[in-house]
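No lab work stands behind these numbers, since they all come straight from the coordinates. Small disclaimer: the values here were computed from a predicted structure and weren't measured. With ideal geometry, Cβ positions are generated from the backbone for all residues, glycine too; neighbour counts draw on all protein chains shown.
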Amino acid sequence: MAGKTAYSQKELDELRERLLAEQVELQEQLATIEEQSFATSQSDISGEVSFDEENADAGTFTFERERDLSIENNVRDLLGKIDRALARMDDGTYGICSRCGKPIEKARLKALPYADLCIKDAQAQARR
């Protein structure tokens with residue numbers, strides 16, 4: 001890593017607080033998704049539907065399950081990003097671009113406190 005964070009302790013504390021609050025919220029969302037998924041699966045196992053209803057219900061269930069899995073994956077991805085941001089805070093490299101080693105713009109971190117790339121490198125990655 002090229003540098004150390006350019007943030008004051010107060011700024012880091014505020015950003016850590018935001019990350020931890022978002023982490024709790026995402027963990028609650030994940031628990032809710034998992035509970036709903038389990039409840040839906042259990043009702044489908046014992047579901048009593050006629051032959052005509054079965055195809056439509058199966059299609060709806062598949063769509064809803066795919067949607068839930070997509071949301072669950074997004075939540076898990078964000079939780080991973082938050083964990084990595086907290087680890088960077090602990091090791092003193094928070095706010096440093098993981099690609100070029102330059103400081104990440106403060107406005108970017110205020111918007112996305114888990115960002116690990118500066119705007120230039122994030123744009124380059126998005127173009128690939």
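Let me check I've understood the local charge: for Ile119, count other residues with C-beta under 15 angstrom from its C-beta, Lys and Arg +1, Asp and Glu -1. What total comes out? Cβ neighbours under 15 Å give a net charge of +4. For Lys10, a cut-off of 24 angstrom between C-alpha atoms picks up these lysines, skipping any fewer than 8 places away in its own chain: Lys81, Lys102, Lys106, Lys110.
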